[in-house]
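Enquirer: Please see the structure below; I have some questions.
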Amino acid sequence: MRIFIDMKRKIIITESQCQRLKQYLEESTVHSNMVKRMKEELDKNYAPIEKFVREGGEYFSKPMIMVKADEETITPKDLLTYLKFKYKMGDDFIKQVIKDWVDGKITDDYRLSKNVPLK
């Protein structure tokens, strides 16, 4: 049994609860570190843009990504393919990072708007 003492109260938890808490904290740290690495790379090398595409006589706004090095325009799917190859993470995780990065929803402590596993 573990006892954690706060200035105002005492918390008593079992060893298994302590292990689960440690595991959760470690996973959370790994998750935010990966989001941080990917966000820093995205900010450094890419910029989200909107491109207007003509389809059937009308113009539609389409989200695209601009590569800062040569100002080439790529699709979010192309960026997903590249990041998947580079980071070896799951599709859902990388898609969520890209989506939140484009929408500006990655928080200051590098949390995503939707909880998705790394793999």
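The values are calculated or read from the model by the stated rules, or taken from the named source; none is laboratory data. Keep in mind that what you see is a predicted model, and the values were worked out from it rather than measured. In this analysis, Cβ positions are derived from the backbone assuming ideal geometry, glycine residues included, and neighbour counts consider all displayed protein chains.
Enquirer: Do you know which residues across the range 43-72 are at pLDDT 90 or above and basic (Lys, Arg)?
Expert: Across the range 43-72, the qualifying residues are 44, 68.
Enquirer: Evaluate the range 79-95: report whether one residue or more is touching a Pro at 6+ places or on another chain (Cβ under 9 Å), closer than 20 Å to residue 118 by Cβ and not in a helix (DSSP H, G or I). Quick ask: steps written out before the conclusion?
Expert: Keep residues of the range 79-95 that are touching a Pro at 6+ places or on another chain (Cβ under 9 Å), which gives 90, 92-93, 95.
In the following step, the residues that additionally are closer than 20 Å to residue 118 by Cβ were identified as 90, 92-93, 95.
Now narrow it down to the ones that are not in a helix (DSSP H, G or I): 90.
Scanning the range 79-95, I find at least one residue that is touching a Pro at 6+ places or on another chain (Cβ under 9 Å), closer than 20 Å to residue 118 by Cβ and not in a helix (DSSP H, G or I), so the answer is yes.
Enquirer: Considering every residue within the range 42-65, establish whether at least one is of a type in the set (D, E, K, R), in a helix (DSSP H, G or I) and within 19 Å of residue 110 (Cα to Cα). Outline the logic, then answer.
Expert: Within the range 42-65, the subset of a type in the set (D, E, K, R) is 43-44, 50-51, 54-55, 58, 62.
If we keep only those that are in a helix (DSSP H, G or I) as well, we get 43-44.
Right, trim to within 19 Å of residue 110 (Cα to Cα) and you get 43-44.
Yes.
Enquirer: Among the residues of the range 64-110, count how many are within 12 Å of residue 47 (Cα to Cα), in contact (Cβ under 8 Å) with a residue 12 or more places away in the chain and surrounded by fewer than 14 Cβ atoms within 10 Å (Cβ to Cβ).
Expert: Going through the range 64-110 one residue at a time, the tally reaches 3.
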